[in-house]
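The next block holds one structure in the form of structure tokens; read it before the comments.
The values are calculated or read from the model by the stated rules, or taken from the named source; none is laboratory data. All figures in this text were calculated on a predicted structure; none of them were measured in a lab. Every residue, glycine as well, gets a Cβ built from its backbone with ideal geometry; the counts of neighbours run over all protein chains shown.
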Amino acid sequence: MSDRKEHISDEPRQISAMDMVPLFSSVIFLGLALYIAFFFDMPDKSRQGDAYMIAALTGSYGFWKLWQGISKLRSKE
């Protein structure tokens, strides 16, 4: 337990702009998925199921980017 306290500093970590890019892009993809799923109206209602699949794929990519960004930030600690 004392070894862990030696590595912890009171100084805040500096996060660069390049560290924030995966997090920012994940928010964009998650927002796009929500827009497609809830607000996008297809002119042909028979294709609405396809729009939900596209929203699901876009959202899963957004979650993957979010996980990747958080893992990258945690690995720098």
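For Glu77, indicate whether it is in contact with a Lys or Arg (Cβ under 8 Å, 6 or more places away or on another chain), at pLDDT below 85, of a type outside the set (Ser, Thr, Tyr) and not in a helix (DSSP H, G or I). Break it down stepwise before answering.
Values: in contact with a Lys or Arg (Cβ under 8 Å, 6 or more places away or on another chain): yes; at pLDDT below 85: yes; of a type outside the set (Ser, Thr, Tyr): yes; not in a helix (DSSP H, G or I): yes.
Judged against the criteria, Glu77 is a match.
When both residues are 6+ apart or on different chains and their Cβ atoms are under 9 Å apart, which pairs have a first residue that lies in segment 46-71 and is over 28 Å from Ala17 (Cβ atoms), and a second that is among the hydroxyl-bearing types (Ser, Thr, Tyr) and surrounded by 11 or more Cβ atoms within 10 Å (Cβ to Cβ)?
Once the first residue is over 28 Å from Ala17 (Cβ atoms) and sits in segment 46-71, its partners that are among the hydroxyl-bearing types (Ser, Thr, Tyr) and surrounded by 11 or more Cβ atoms within 10 Å (Cβ to Cβ) give Ala55/Tyr35.
List the number of the failed condition for Arg4; all other conditions in (1) surrounded by 12 or more Cβ atoms within 10 Å (Cβ to Cβ); (2) of a type in the set (Lys, Arg); (3) at pLDDT below 90 hold.
It fails just one condition, (1).
Give the residue that is farthest from Ser71 (Cα to Cα), with candidates limited to residues of segment 25-47 that are surrounded by 12 or more Cβ atoms within 10 Å (Cβ to Cβ) and of a type outside the set (A, V, I, L, M).
The selected residue is Phe40.
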